[in-house]
Amino acid sequence: MSCWETIADYALRSQGIGERLLPRTDFTLCQQFTLIGSGMIWNVYFGIVALCSGFFLATAVAMGKAARNPLYRKPAEWFIFIFRGSPLFIQFFFAYFVFLSLKDVSTFFNPLTSAWLGALVVLFLNTAAYTGEIFYGALQSIPKGDTEAADAYGLSGWSRFRRVIWPTMLRLAWPAYTNEAIFLFHATTLVFFSGFPATQQRGDALYYANYFADKTFNPFVPYPILAGYFIILTLIVIGIFGFVNNRLNRHLPQDVRKKIKVRPQIIR
Amino acid sequence: MFSFCSDPATLEGFQWMACYLTTGKHMSMYWAVGTVLLLLSITAPTALAFGFAGASAARSNVAPLRWIGKTYIAVVRGIPDIAFFLFFVIALDQAFEYIRHRVKCPDWQEPVRQGNDFIVCTAAKLPLGNAPQWVHETYGFMLAVLTFAIVFGAFAANVLFGAMRAVPKGQLETAEAYGMSRRQTFWRVLVPQMWVYALPGLSNLWMVLIKATPLLFLLGVEDIVYWARELGGAKQPQFTEYPHPDWRMWYFAALLVFYLCFTKVSEVVLDKIMAKLTHGQATSGGEAQRKAAA
């Protein structure tokens, strides 16, 4: 079987399209590359959707934590503490079993027990908490002059937030937010190792890498392939976020712009 | 456990719960908490040692040593750590067995890797096939500890490398001016001073280490996640004296609370240590303390 045929068979295997049976004997490099790459579809999906949706909740949470009214502040503080203070792995497990018991209540909750939605909800809340903390830190360090200028211009309420506070917050938070995005993509690999089942062996990249390592007893091929894919993904994320960073800071002179610095990633 | 537990079928409410939570299997789960704490207490110093070695290597004068140190630090960037965990456990296991194979069976002819199999002679198996169960468990645990130490050692190396660079240049130049050799400067000036700079990073790392402990489950150790799944699942009356529906949700809720408390306590303790260490230091933290007291 040529490599092209393998790609045709397995490139969309993680979505359930193509050959049903996973390779069992005579594993070729091509198969490993194709299947692990196919699994990356899930990682990218989880990462992008959770990031895009989590962004809005994070803004709300940060505003809540910075609010003077304890009615807003307390829930936001607890939300951040719970999701940042406990392991994501346990959160996945807990959420999965909560969703399982919700399933008994009503069929409406059925999709939550499958990874595409259930794990997404957990990742969404998790990234909202981490990002919320980052945004809160940025809110605290908005220069006093900026808000005073807004006041002097007679801006208040929504337009003050929309035109002054929010853009400045984003600008300050962006380098840290880039790192958060990278961590989030890495965190997506936990999904199929917690409660969420990989129905019909449709798993993410790590799921397939682990499959090959188990079958061949040789971890030195699949894991480096996985690592390669993730390094590429990380570089793409850095590229996109760097572009946005430049756009956010386009009114500033070159030398005062904040550079994005990639920090070593850390487990959540 | 309690005297009234002799016939579980007749128990109600609180008594049933008290008996249920003290069964032998639950005791194993409480011991598993001990396993987690043991892992933390062994891993933290080991990882620190790995980190120290890595950071020292990264700023070495010898180029190959520097490359090794830098690669060790850099390799943790950009790759999901769980992949490391899964990778190292197999890789380390095979490495140990391969070394033993080479030493113990020098006249073995066949290759070690035959297709999809990894075959070493019986004498080189780790642990030996006839070893008792506890040896297998301890070996698995030691592999997990080593894996954690390697991964977290890389994080620690990064923190310590930064801390070593944060020590003011003037201090090192003064040491040189006094005629100290590089080695003396390193041990007598740099190392004692770097800890203040390293502590924020290291305490952050400790938090992360706590949160990484559930991954023990993936390494095949019977930890709290394993027991929570095991004990929480629905139990039929014919298999156990304490039948109950699927309670895994509550077990994991308990784990969640356990980790939250653990994190909170560590946070408070680390803040106290930090306050102690910054006391009297010429850093902005120490300055703030001085101003607050005055």
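The values are calculated or read from the model by the stated rules, or taken from the named source; none is laboratory data. Only a predicted model underlies this, so the values are computations on that prediction, with no experimental measurement involved. Cβ: placed from backbone, ideal geometry, glycine included. Neighbour counts: every protein chain shown. In case anyone asks, the SASA skips ligands and DNA or RNA and just uses the protein heavy atoms, side chains included. Shrake-Rupley method; radii C 1.70, N 1.55, O 1.52, S 1.80 Å.
Within region A:152-165, the set of residues being buried (at least 16 other Cβ atoms within 10 Å of the Cβ) and aromatic (F, W, Y) comprises A:F161 only. Close Cβ contacts (under 9 Å, 6 or more residues apart or on different chains) running from residues in region A:205-220 that are basic (K, R) to residues that are modelled with pLDDT under 90 comprise A:K215/A:L22; A:K215/A:P23; A:K215/A:R24; A:K215/A:T25; A:K215/A:F27; A:K215/B:N116.
Of all the listed residues (B:V221, B:V208), the sole one being surrounded by 15 or more Cβ atoms within 10 Å (Cβ to Cβ), of a type in the set (V, I, T) and out of contact with any helix residue (DSSP H, G or I) (no Cβ under 7 Å at 6 or more places or on another chain) is B:V208. Name the single residue, out of those in region B:90-120 being modelled with pLDDT of 80 or more and open to solvent by less than 30 Å² (accessible area, probe 1.4 Å), that is farthest from the other protein chains (Cβ to nearest Cβ). Here the answer is B:H101.
Does region B:130-150 contain at least one residue that is exposed (fewer than 12 other Cβ atoms within 10 Å of the Cβ) and of a type in the set (G, A, S)?
No: region B:130-150 contains no residue that is exposed (fewer than 12 other Cβ atoms within 10 Å of the Cβ) and of a type in the set (G, A, S).
When region B:55-77 is filtered for residues that are surrounded by fewer than 18 Cβ atoms within 10 Å (Cβ to Cβ) and within 14 Å of chain A (Cβ to nearest Cβ), the ones remaining, listed by number, are B:K70, B:T71, B:A74, B:V75, B:R77. Residues in region B:196-244 that are at the interface with chain A (Cβ under 9 Å from one of its Cβ atoms), of a type outside the set (A, V, I, L, M, F, W, C) and over 18 Å from B:F262 (Cα atoms): B:R229, B:G232. When B:Q171 is tested against (1) touching a helix residue (DSSP H, G or I) at 6+ places or on another chain (Cβ under 9 Å); (2) more than 30 Å from A:F89 (Cβ to Cβ); (3) modelled with pLDDT under 75, just one condition goes unmet, and that condition is (3). Consider A:T199 carefully, then state whether it is surrounded by fewer than 20 Cβ atoms within 10 Å (Cβ to Cβ), of a type in the set (S, T, N, Q), touching a residue at least 60 places away in the same chain (Cβ under 8 Å) and facing another protein chain (nearest Cβ under 10 Å). When the stated conditions are applied, A:T199 does not pass them. On the basis of being under 30 Å from B:T185 (Cβ atoms) and more than 14 Å from chain A (Cβ to nearest Cβ), does B:F52 make the cut? Taking the combined requirement at face value, the residue satisfies it.
Residue by residue through region A:45-84, note down the ones that are assigned to a loop (DSSP other than H, G, I, E, B) and of a type in the set (G, A, S).
A:A67
Of all the listed residues (A:D26, A:D104), the sole one being in contact with a Gly (Cβ under 9 Å, 6 or more places away or on another chain), among the charged types (D, E, K, R) and within 12 Å of another protein chain (Cβ to nearest Cβ) is A:D26. Assess whether B:M274 counts as being in a loop (DSSP other than H, G, I, E, B) and open to solvent by 30 Å² or more (accessible area, probe 1.4 Å). Answer is no for this residue.
Here is a list: A:W4, A:W42. Which entry is surrounded by fewer than 13 Cβ atoms within 10 Å (Cβ to Cβ) and in a helix (DSSP H, G or I)?
A:W4
Within region A:212-221, being more than 9 Å from chain B (Cβ to nearest Cβ) and open to solvent by less than 30 Å² (accessible area, probe 1.4 Å) holds for one residue alone: A:F212. Test A:P143 against the criterion of being under 18 Å from A:L170 (Cα atoms), surrounded by fewer than 18 Cβ atoms within 10 Å (Cβ to Cβ) and either of a type outside the set (V, I, T) or in contact with a Phe, Trp or Tyr (Cβ under 7 Å, 6 or more places away or on another chain) (or both), and give yes or no. Here the answer is yes, as A:P143 does meet what is asked. Only one of the numbered conditions (1) closer than 19 Å to B:A228 by Cβ; (2) within 14 Å of chain B (Cβ to nearest Cβ) is violated by A:A119, and that is (2). Every listed requirement among (1) assigned to a helix (DSSP H, G or I); (2) touching a Phe, Trp or Tyr at 6+ places or on another chain (Cβ under 8 Å) is met by B:F186 save one, (2).
Looking across region A:223-238, the residues that are buried (at least 18 other Cβ atoms within 10 Å of the Cβ) and more than 9 Å from chain B (Cβ to nearest Cβ) come down to A:I225, A:Y229, A:V237, A:I238.
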